[in-house]
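Remarks on the structure that follows.
Values quoted throughout were computed directly from the atomic coordinates according to the rules given, and no laboratory measurement underlies them. Since we're looking at a predicted model, the values are computed, not measured. Here the Cβ positions follow ideal geometry from the backbone for every residue, glycine too, while neighbour counts run over all protein chains shown.
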Amino acid sequence: MLAGRLKRLKRAGWVKKAKIEDCESVADHTFRVALMASLLAKRRGLDVGRATTMALLHDLPEAVIGDITPEEKLDKRTMEDGAFRAISRTLKKDLKEWITGLWLDYRKGESEEARLVRDLDKLEMAIQALEYGREGRKGMLEFVKSALGEIEDEGMLDVCMKIRKLLLVE
C-alpha cells in the first residue's frame, strides 16, 4: 500500500535545512500528530475519529509526490490534491467519499477538528525541533519560528513559545 512509503520517506526540511540525515520519517511525524489529535480532540469534546483520521491522512499524498519544502517553490497544494485524488480513486465509493470529505475539510480548515490537526501538524514540528536541539543539532529555532507563524490556537502557541525559550536557553 502507498502509505507504507511514508515509513521510508524522510522529512525533507530536516534533511535539506538542518542536514539531519537520520531524521524522522513522514510516518513518524504522522503518528505523533494522530496521537496528539486523538487526545486533544477527546479533551476538547470534538469528534475523535474525525480528528484522528484527518491526522492520519494529512500527509498521505507525500507517498506519491514526496515531502516538498516551501523553499522548493512548487505548487505543493495542487500536487497534493492531485495525488490525493489518485489515491482515493483506488477505493470503493463509500470510502472514497468519506476520506475525500475529510481531506477537503482538512485543506479548508472548516471544522474544529481540521483546525486542530492543522495546528498540531505545526506544533509537532516544533516538538521535534526541541528534541533535535536537545541532541545538539543546530538551527532548530528556524523550525519553531515557522510553527509560531502558522499556529492559530492560543494554547498551542503558548507551548510553542515555551519550546522557543527552551531552545534559546540550551
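Between region 99-132 and region 25-85, what is the C-alpha centre distance in whole Å?
6 Å
Take peptides 89-100, 111-122, 25-36, 2-13 and line them up by average Cβ neighbours within 10 Å, highest first, as a rough protection proxy.
The packing order, highest mean first, is 111-122, 25-36, 2-13, 89-100.
Net charge near Arg32, counting Lys/Arg +1 and Asp/Glu -1 over other residues with Cβ under 13 Å of its Cβ?
Surrounding charge for Arg32 is -4.
Once the Cα atoms of helix 154-169 and of the chain are each reduced to a long axis, what angle between those two axes, in degrees from 0 to 90 to the nearest 10, is obtained?
40 degrees
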